[in-house]
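Okay, so here's the structure we're looking at.
The values are calculated or read from the model by the stated rules, or taken from the named source; none is laboratory data. Since the model is a prediction, treat every value here as computed from it, not as a measurement. Note: ideal-geometry Cβ built from the backbone for every residue, glycine included; neighbour counts use all protein chains shown.
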Amino acid sequence: MKRTTIRPENAHQAALLRLLRDGGRSRAELGDVVDLSRSKLNVELDRLIELGLAEPDGLAASRGGRRSGRVRIARDIRFAGIDIGATSIDVAVTNGELEVLGHLSEPCDIKEGPGVVLDRAIELLGKLSRDGLFTDLSGAGIGVPGPVSFAEGVPVVPPIMPGWDRYPVRETVGQALCCPTVVDNDVNIMALGELHAGLARHVEDFLLVKIGTGIGCGIVVGGKIYRGVSGSAGDIGHIRVDDLGPVCSCGNSGCLEAYFGGAALAREAVAVARSGGSPYLAERLAVAGTLTAEDVAAAAAQGDAGAIGLIRDGGRRVGQVLASLVSFFNPGLVIIAGGVAKLGHVLLAEIRSVVYRRSLPLATGNLPIVLSELGDTAGVIGATRLISDHVYSDHVYSGN
Ligand SMILES: [Zn+2]
C-alpha cells in the first residue's frame, strides 16, 4: 500500500537527521558540531541522500576556502500530528523540518469515544491529503488528554475519556495511516512543541503547565520528556491543595483540578453570578444558561471584579503547587498553556507573585514564567516532533 518508512542505518546518520530537522546547513557547519572525520561525515551524508532522507541544497557561502555543499532534509518527507483535546481535535501535516503545511481544527467531544473521534481525525487528515499536502506519511504522532502507557500506545484509566481505557490508539491510527505512530499525553506533546518551535527553543530543562479541562505538567529534562516509571509524571492536577476542597473527577477531594480546571472555573463562575458578585457574568448566564472559561476571560477583560477574583483565586492555587515544583525541579523556564491560560495577564501575574514569593531566590533568580505563544499549534507540532524523534533514530522501533 505504501513504501516502508525508511530509517537511518546508524547513530551517526540519526544524529545528522536530528540536526537537519532544525534547518539545512553546509557540510562544513555539520563538521563543526558532530564528532566525525570529514570523510566519514561525507560518507554518512551521501548515504542519507541515497536513502532519500536528505538532499543536496546548493552551495554555502565561502568560509575562506572551497565552498561547502549544503544539505537538507528531503523535501518530500511528511509527518502528521494529531492533538485530541477534551473538546476539540487539531490535525496538521508538516514537512521533515516540522514546518506546518496545513492545520485543521474542529470542536469534538472526547466522550463520543475512540471509534468516532479517531475516525474524525483520520478523515481530517484525508482532507489535507486531498488538498495535495501529502500522499505518504513517514510517521504520525498523537496526543490524548489523559494518562498514556507510552510503551504500549494506549490510554490507561483516563478520568475524562470514557470508553478509551486501554483502547489501541497507536495500532488503530498506525494501520489507518500506514506509518509508524506514537501516542502520548497531550501535555507532553505541547511541551515538545514549545521545545521545537516555541519559547523553550533554547531551554533544556523546563516545565509546561497546561490549564484546560484538566491540569497537567510536561517535564522536559535535558531536552527530553520525563515520563516517570509508568508514564504518569507531571499529573499535577490531582495534587491536593486543600483537604476540605470540592470533589474531583478522580474521586478524591481538594485536587488542584477540582478548583481550577475548566469545569471548576465554570461552576465557580455560575456561583459568583448567582450571588450577585458579577453583573457581567449574571447577564451572560441569563442569556446562555451556562458559563465557560471564555465568559470569565471576557468579563475580566471588562474589568469585572467578580471574574478577576475568580482568576486570582485560581492563579493563587496553581502558584502554590508550582512553587513546590520549582523548588523541587529548578527549571529554567515555566510556560503556562491551555484554554484557561487564555485568561491572560491577570492569571500570569497571580501565578508569578506566588511562585516568586514562595520559592528560594536561587531557584527563581533566572526563572521566566510566561504564557505560551504557540496556542493551538503547540500540540500538533509537538506530536510531529515526537514521531520524528523515532523516525530519525536508528533504534529498533517496537511500534507498527
Ligand atoms: Zn483529582
Failed item in (1) touching a helix residue (DSSP H, G or I) at 6+ places or on another chain (Cβ under 9 Å); (2) within 20 Å of L322 (Cα to Cα), with R201 passing the rest: (2)
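Would you check which residues across region 26-43 are within 16 Å of R63 (Cβ to Cβ) and free of Cβ contacts under 8 Å to residues at least 12 places away in the same chain and list them? If you could, list the steps in order and put the result at the bottom.
Taking region 26-43 and keeping what is within 16 Å of R63 (Cβ to Cβ), we get 26-33, 38, 41.
Residues satisfying the conditions are G31, D32, R38.
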Matching option when the condition is under 30 Å from V229 (Cβ atoms) and either surrounded by fewer than 22 Cβ atoms within 10 Å (Cβ to Cβ) or touching a strand residue (DSSP E or B) at 6+ places or on another chain (Cβ under 8 Å) (or both), among G102, G146: G146
Residue list for region 201-219, restricted to those being touching a residue at least 24 places away in the same chain (Cβ under 8 Å) and more than 12 Å from the chain's Cα centre (by Cα): V203, E204, D205, F206, I211, G212, T213, G214, I215
Residues located in region 1-18, provided they are aliphatic (A, V, I, L, M), out of contact with any Gly (no Cβ under 9 Å at 6 or more places or on another chain) and assigned to a helix (DSSP H, G or I): A11, A14, A15, L16
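Does Y226 qualify as being of a type in the set (S, T, Y) and more than 29 Å from the chain's Cα centre (by Cα)? Before the answer, list the steps.
Working: of a type in the set (S, T, Y): yes; more than 29 Å from the chain's Cα centre (by Cα): no.
Against the criterion (of a type in the set (S, T, Y) and more than 29 Å from the chain's Cα centre (by Cα)), Y226 does not qualify.
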Positions within region 231-255 being within 21 Å of I189 (Cβ to Cβ) and either touching a residue at least 40 places away in the same chain (Cβ under 8 Å) or within 10 Å of the ligand (Cβ to nearest atom) (or both), in sequence order: G231, S232, G234, D235, I236, G237, H238
Residue in region 307-319 that is among the hydrophobic types (A, V, I, L, M, F, W, C) and touching a strand residue (DSSP E or B) at 6+ places or on another chain (Cβ under 9 Å) present: yes
Matching residues, region 19-45, being surrounded by 14 or more Cβ atoms within 10 Å (Cβ to Cβ) and acidic (D, E): E29, E44
Residues satisfying the stated conditions in region 261-298, i.e. within 12 Å of the ligand (Cβ to nearest atom), crowded, with 23+ Cβ neighbours inside 10 Å and assigned to a helix (DSSP H, G or I): A264
Odd one out for G223 among (1) over 22 Å from G261 (Cβ atoms); (2) small (G, A, S); (3) touching a Gly at 6+ places or on another chain (Cβ under 8 Å): (3)
Region 19-50: number of residues that are closer than 25 Å to R385 by Cβ, part of a helix (DSSP H, G or I), at pLDDT below 95 and out of contact with any Leu (no Cβ under 8 Å at 6 or more places or on another chain): 2
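Could you pull out the residue among G24, G52 that is at positive phi and not polar (S, T, N, Q)?
On inspection, the qualifying residue turns out to be G52.
Would region 58-72 turn up any residue that is in a strand (DSSP E or B), under 24 Å from the mean Cα position of the chain (by Cα) and surrounded by fewer than 23 Cβ atoms within 10 Å (Cβ to Cβ)? Even if it seems obvious, please write down each step before you answer.
First pass over region 58-72, keeping only residues in a strand (DSSP E or B): 58-59, 69-72.
Okay, now just the ones that are also under 24 Å from the mean Cα position of the chain (by Cα), so none.
No.
Filter region 204-230 down to residues that are closer than 14 Å to P159 by Cβ and not small (G, A, S) and give me whichever is nearest to the ligand (Cβ to nearest atom).
Just the residues of region 204-230 that are closer than 14 Å to P159 by Cβ, to begin with: 212-216.
Cutting the leftovers down to not small (G, A, S) gives us 213, 215.
Details: T213: 13, I215: 9 Å.
Checked region 204-230; the qualifying residue nearest to the ligand (Cβ to nearest atom) is I215.
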Tally of residues being buried (at least 17 other Cβ atoms within 10 Å of the Cβ) and touching a helix residue (DSSP H, G or I) at 6+ places or on another chain (Cβ under 6 Å) across region 323-336: 3
